[in-house]
Amino acid sequence: MLSKPSRPRIIFAKFVCGIVRLRADQHGNIAVMMALLLPVITGGLGLGFEATNWYLQTRAMQNAADAAVIAAATNAGSNYDVEAKAVTAQYGFVDGTNNVTVTASNSAACPAGGNTCYSVTITSVVPLYLSQVIGYNGDTTLNGAKEKSLISAAIAQQATVQQPICLLALSQTAQGLRTNGAPNSNFSGCTVMSNSAATCNGSNLNATFGIAHGTNNGCGNIQDSYIPIVTDPYYALHTNIPSNTCSSYPQLTKHGSNWSGGTSWSGSQSLNGTVQMCGDVQLTGDVVINTPDNSTGATLVIENGQLDLNGHTLRTANGSAVTLVFSGTSGSYAHYPTDNSSGQGGVLDIQAPSGGLFPGFAIYQDPALTTGVDVTYKGNNPTWKISGGVYLPNANVQISGNVSQSTNGADCFVMVASTVLINGTSNIYQQTPSGAGCNLAGLNMPTATIPGRTQLVY
């Protein structure tokens, strides 16, 4: 007969059974785990949401910076930074508002080297929310609160184009290039440039580009200001002027029969190489210049004198070419073509040689001359029919008449002067675009560096 268990043993057995049942029971585990993991999950989700917000904000800032730096580089003026900030404002990022800062530079380092790039940087701060739950306290403090700083930056480089120039005013003061009227002037396919300011009233000269180192007001179909100065491209040619061997310089006293001294010209003239004349030269009849060919042509150097057409025509024959060089010393001399006749005006109808000492030049004025160089061209004293360059580096030139292509030369007319004023109904003939005619004439046209297409480089 079995004995009945004692009470302590029964209590112990029940305890052991309870422990076994508790171990096997999984009810409530998830609740415990969630209680432990909820702060971590909440912080992770918060950081994910905030990181997404940071990314979207940074992406919007980057778009604004890209657009702004392209605008700044395209502007390329003294107010490029104003242009940049105006663009970022259109994207909702206003400099100095809502903790946004916009900075722009035109001397940023370029990835390929140099410090000629434009840059725009946008910075802003955003508040922290749930990310602080997992211990992220941002990277800046604003008004005692932890914040996250966001930065977007862009760099752009302005490509440049070398643009051929048909009309160049070298003066770096005041208004280098001006027009009053001039509705018929046609520089289509050409560029007009002033090393100072340019102002066109009544006509933009119909130039493809009108550019100026200073402010350009109305010159050219496409107008640019603040272009780099174009240095005198033909100064070095003065070394080709032969030494002055003249001992005296007879001067013109009156036209016609009262002409005293100097050189009188008429009829057919054969020139080869360099010919030097002392003092004034006056035509007493029409003159046709013949040279061996139009590649080397001939150089006619007039020392301390004018070329007075005296109502006649000076023309280069077909296949011939000449450069008129005015040299000597500054003084009371006139160093340019004139017409002192009282009747019908003379005609200067010449083409420049494509080679020789002064390739592509019809008229070359010695840059050492500073007086007696100003030219007032009225279109009939004499009439200009010129193919080639006209170099008057220290002259103030006023053009009030038509300039036509020479009878036998290419469609090339390039003028370089100190200042140029084009008046009234003057008409300077249209030329082949891109300087093709001047290439045929052998003239290396001056070029200006103008803005091209702007590209993002970072």
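The values are calculated or read from the model by the stated rules, or taken from the named source; none is laboratory data. Since the model is a prediction, treat every value here as computed from it, not as a measurement. Quick reminder, even Gly has a Cβ in these numbers, built from the backbone with ideal geometry, and neighbours come from all protein chains shown. For the accessible areas, the whole protein counts, side chains as well, though only heavy atoms, and no ligand, DNA or RNA atoms are used. Shrake-Rupley method; radii C 1.70, N 1.55, O 1.52, S 1.80 Å.
Numbers for the structure displayed
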| read-out | value |
| --- | --- |
| Diffusion coefficient, µm² s⁻¹, Stokes-Einstein with Kirkwood Rh over alpha-carbon pairs of the range 60-101 at 10 °C and 1.306 mPa s | 158 |
| Summed residue charge, Cβ within 14 Å of P242's Cβ, Lys/Arg positive, Asp/Glu negative | -2 |
| Among beta bridges that DSSP assigns inside the chain, antiparallel share in %, nearest 5 | 25 |
| By average C-beta atoms within 10 angstrom, highest first, the peptides 210-220, 385-395 | 385-395, 210-220 |
| Residues of type aspartates and glutamates that K385 reaches as a straight line, Cα spacing below 13 Å, ignoring anything fewer than 8 places off in the same chain | D349, D411 |
| The chain, Cα convex hull volume normalised per residue, Å³ | 215 |
| In Å², nearest 10: area of M445 left accessible to a 1.4 Å probe | 40 |
| Relative packing of peptides 362-370, 74-82 - highest average C-beta neighbours within 10 Å first | 362-370, 74-82 |
| Relative contact order, percent, the chain [alpha-carbon distance under 8 Å, six or more residues apart] | 14 |
| Between 0 and 90°, nearest 10: helix 29-75 axis offset from the chain longest Cα axis | 10 |
| Residue-count net charge about S404 - beta-carbon cut-off 13 Å; Lys, Arg +1, Asp, Glu -1 | 0 |
| Where E83, E147 fall by accessible area, highest first, once all protein chains stay in place (1.4 Å) | E83, E147 |
| Cys with no candidate disulfide partner in the chain (beta-carbon separation under 4.7 Å rule) | C17 |
